[in-house]
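See below for the structure under consideration.
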Amino acid sequence: MVHARATEVLVCYSLIAAAVLVVEHGRVVLDAPGPRSQPAERSSAGGSQMGISVSMADQSGGRVRPEQRPLNWRWVAALMVVLAAFLGLRGLRALQPEPVAASMRAGTVVVVGVTDRSSLTGSDRVLIDSHSSTVQFAAVSVRPRYIGDCAAAGWATLGAGRRTGVNGLCDPRVDSQRVTDWPQRLAAAAAHHGDATLGTLAASIRGCVAAVGPRAALAAARPDGTVAHYDTINHFLADGLAMPCPLTLVDPGKQSDHIITALAERPQVTLIVTGIGPPAGSRDPSLQALYVLPAAAGWLTSASTRRAGIVNLTDLTATLIAAGGRSEIGSPARVDGSPFKLRTEIVTASAAQDHLEAVAALTDAAVRADTVLGVSGAILLLVLIVSITAGRLAVARPILGWGTVLPATMLLTGAVPWNATRWPVLVLLATLGGLSIALTVAILAGAKRLRVPFAVAGAAVTATAFTVDAALGGVMEPGSMLNSRPVNGGRWYGFGNVTFAVYAAAALVLAGYLAHRLRTSGQRRAGLASVAVIGFGVVLCEGWPSMGADFGGVIALTPALFWLLLVLADIPITWPKLVTIGGSALFLVTAISWLDWRRGPTARTHLGGFFQRILDGDAVNIIIRKAAAATGSILNPLAMGLVLAGVVAWVVLFRRLLPTLRTQFTTLHTVAIATLAVAILGTALNDGGITIWYTVTLTFTVTVAALWIDRTCRPNVAHRAPQQGGFGRRLNAR
């Protein structure tokens, strides 16, 4: 932990060094004698057709550019205060107690896999309450490779330690200690570039693994499909629940209550009861109950989820291997899960049931709230169009103001435990409404006082909210309206595709506007440093494993950021520089992944896990699957319509709206190009695909529309030179 914190401090202060290097490089160009390039000299043919200009020549109607001033110590002091505040938030994150290892006592381990455990049964309640001081509990994601696959896929996933599918083979048979259709199951696991290796669990355990029931045999089988010891349910019961192996996997069928109760009474047995999949005929992907007894009491978690009381089925595989793995194995088994960890606390049946319902609400209630939000947004859009058409722009301002802070509002709902309340939908909607009103009023009032466009104030609020959450370890994201729905079984921590899209767009707008204000006030080097610190700060928050942990976000944002800095510094863009920019993104994400990998297999995020896959030569399949997901998200009629709508929006922005805002926001064209690059790169390099395209496009369109409304409603303020306002006057006073 000390090593990780020292590394973070080093990286944060490296931002200062990077900013200084950019400033000094830019100073050489800015202070060089001779005429500067004109817009026509720096525009590409495609850019000219769309009205895109990358030149940073003055666009203020021929106004003389203010004399270049040296970097002011007060600006540096403000920068240090911001960095100190960020490190302070990271310090608060470090004070949070870390979960401890959920060690499993020596002896026989029995895993009973049950279906339809999204809610506790009466037998579960009695058993948990009678062992409340020695029971560990969690909601387990039973999702195999394909959401809604049958319970046999859950058993196969448990045995492989990676999500897999069974291609409809839901009723296995065992004959002469062998799964009869094992070759077909291997083919199903490998289909469509699957990388799950059936038989991993049995091959990684000392001693034998016994199976009771044919579906349990899918998890207990060796890589060749044979099972060390197999019993039917009836024979297992008739034999007095005999367990000849250190690990026994049981598919109890309708005898689950009797078998679980009987096993819980055996003092030398560690009993693990886990949901394994949906019941027959159902495609319910809900999380299910998992509990372990006897053990140190508490809520289970893992490095795979980093959420108290939530684990993955593959985490159980990793835990079983860690407890009974072969000592002669030189390298860890290739599984995607991480061993269980524990947050110590007494667990009651009532608390366990409440937890299952709260986790379910993160999906069910959030979806209903999203529907209400979508309908409300459609109504407000209609009102916006009517108000603009009728010339009532005073009505349009608060609507667009709400649009600029909506991402921050959706994130901040995660600060309220609405999903644990009795009426989660109502509490979530009330929270969303209250935050929306408060933030909209705040940015409109703050923008007026600070004499900045309210769109920029909204971008600042959004960027700040996401940065604070990242610094605190992403504590709000999981419970917010931006969370990755638990039933999807996706990445449980960090920032997702939508979060990255709005965060990057807001940060670029904020950095670009600060550069505009500082440049027009003579602080050109301070403007460059502002973009460098904000931009690289967002990259750090986006990609660092204990913050955003977003692999694709770093790759998509870093090239756009470097390009923006080069243009603002008036450094000519050449092909070698573009290649270097692309390489820098790969280097940065590789460095972050390597640092995460060094933390060890029990602490790594997916970044370090992917680095290990590269070392194992096991990364090709996952790259192909993600590329296929990105392509598939675009190649359908609805997605193609969104792509076309986005292209039209960008053309309108560049041809119609951006030229009218050059005086108010002289760097806006350059920011727009950088944002468009993020949208394109993010769509191409992330499995979310089209999600990033329309989210970035919508976010930036709302921002530009808000800038246009602000300029139209308050023309005197919009066109007034920055130094006449309070912000510019303070800059000149320095």
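The values are calculated or read from the model by the stated rules, or taken from the named source; none is laboratory data. Given the structure is predicted, the values throughout are model-derived calculations rather than measurements. Note: ideal-geometry Cβ built from the backbone for every residue, glycine included; neighbour counts use all protein chains shown. The protein model used for the area step is the full one, side chains on, heavy atoms only, and it has no ligands, DNA or RNA in it. Shrake-Rupley method; radii C 1.70, N 1.55, O 1.52, S 1.80 Å.
Take peptides 257-267, 550-560, 223-233, 311-321 and line them up by average Cβ neighbours within 10 Å, highest first, as a rough protection proxy.
Highest to lowest by the protection proxy: 311-321, 550-560, 223-233, 257-267.
Starting from the coordinates of the alpha-carbon atoms of the stretch 397-499, obtain the Kirkwood hydrodynamic radius over all distinct pairs and give the value in Å to one decimal.
Across the stretch 397-499, the inverse of the average 1/r is 14.2 Å.
Which Cα, out of Val250, Ala408, Ala627, lies furthest along the positive dipole direction of the chain (beta carbon charges, K/R +1, D/E -1)?
Toward the positive end, the furthest listed residue is Ala408.
Just to confirm the filter: which trypsin sites (Lys or Arg not before Pro) across the stretch 268-309 are DSSP coil and have at most 14 other Cβ within 10 angstrom of their Cβ?
Arg283
Enter the accessible area per residue of the chain (Å², integer; probe 1.4 Å; all protein chains in place).
Per-residue accessible area for the chain comes out at 41 Å².
To the nearest 20 debye, what charge dipole does the chain have about its Cα centre, counting +1 at the Cβ of each Lys and Arg and -1 at the Cβ of each Asp and Glu?
3040
If packing is taken as the average count of other Cβ atoms within 10 Å, what order do 241-252, 390-401 fall into, highest mean first?
Per-residue mean Cβ counts within 10 Å order the peptides as 241-252, 390-401.
Once you wrap a convex hull around the alpha carbon atoms of the stretch 367-407, what is its projected area averaged over all directions, in nm²?
Taking a quarter of the hull surface, the average projection is 2.7 nm².
Could you pull out the chymotrypsin sites (Phe, Trp or Tyr not before Pro) across the stretch 468-514 that fall in loop regions by DSSP (anything but H, G, I, E, B) with no more than 16 other Cβ atoms inside 10 Å?
Answer in residue order: no site qualifies.
With +1 assigned to the C-beta of every Lys and Arg and -1 to the C-beta of every Asp and Glu, and no other charges, what is the dipole magnitude of the stretch 517-611 about the Cα centre in debye, to the nearest 20?
260
Just going by the charge dipole of the chain, with Lys and Arg at +1 and Asp and Glu at -1 on Cβ, which of Leu120, Ala585, Thr363 is farthest out on the positive end?
The listed residue farthest towards the positive side: Ala585.
Of the beta bridges DSSP finds with both residues in the chain, what % are antiparallel, to the nearest 5?
Taking every DSSP beta bridge within the chain, about 45 percent pair in antiparallel fashion.
Please compute the modelled spin-label separation between Phe587 and Ala420, points set 7 Å along Cα→Cβ, answer in nm with one decimal.
Simple spin-label model gives 4.6 nm for this pair.
Treat every Asp and Glu Cβ in the stretch 613-705 as -1 and every Lys and Arg Cβ as +1, leave all other atoms uncharged, and give the resulting dipole magnitude about the Cα centre to the nearest 20 debye.
340
For P(r) over Cα pairs in 10 Å bins from 0, in percent, the listed values are (1) 3, 14, 23, 22, 17, 11, 7, 3, 1, 0; (2) 2, 9, 13, 17, 16, 15, 12, 8, 4, 2, 1, 0, 0, 0; (3) 3, 14, 24, 25, 20, 11, 4, 1, 0; which was obtained by calculation from the structure presented?
(1)
Along the Cα→Cβ direction, 7 angstrom out, place labels at Leu638 and Gln177. What is the inter-label distance in nm?
Result: 5.1 nm between the two label points.
222 nm [θ] for the chain, helices only, -39500 (n - 2.57) per DSSP H run of 4+, per residue, to 500?
Helix contribution divided over all residues of the chain: -18500 deg cm²/dmol.
Using a 1.4 Å probe on the protein heavy atoms, what percent of the accessible area of the chain belongs to carbon and sulfur?
The computed percentage sits at 64.
Which of the lysines could be linked to Lys626 by a straight reach, that is with a Cα gap under 23 Å, when you skip same-chain ones fewer than 8 residues away?
none
With the contact rule set at Cα under 8 Å and sequence spacing of 6 or more, what percent relative contact order holds for the chain?
16
I need the peptides 632-641, 111-120 ranked by packing, meaning the mean over residues of other C-beta atoms within 10 angstrom, with the highest value on top.
Ranking, from highest mean packing down: 111-120, 632-641.
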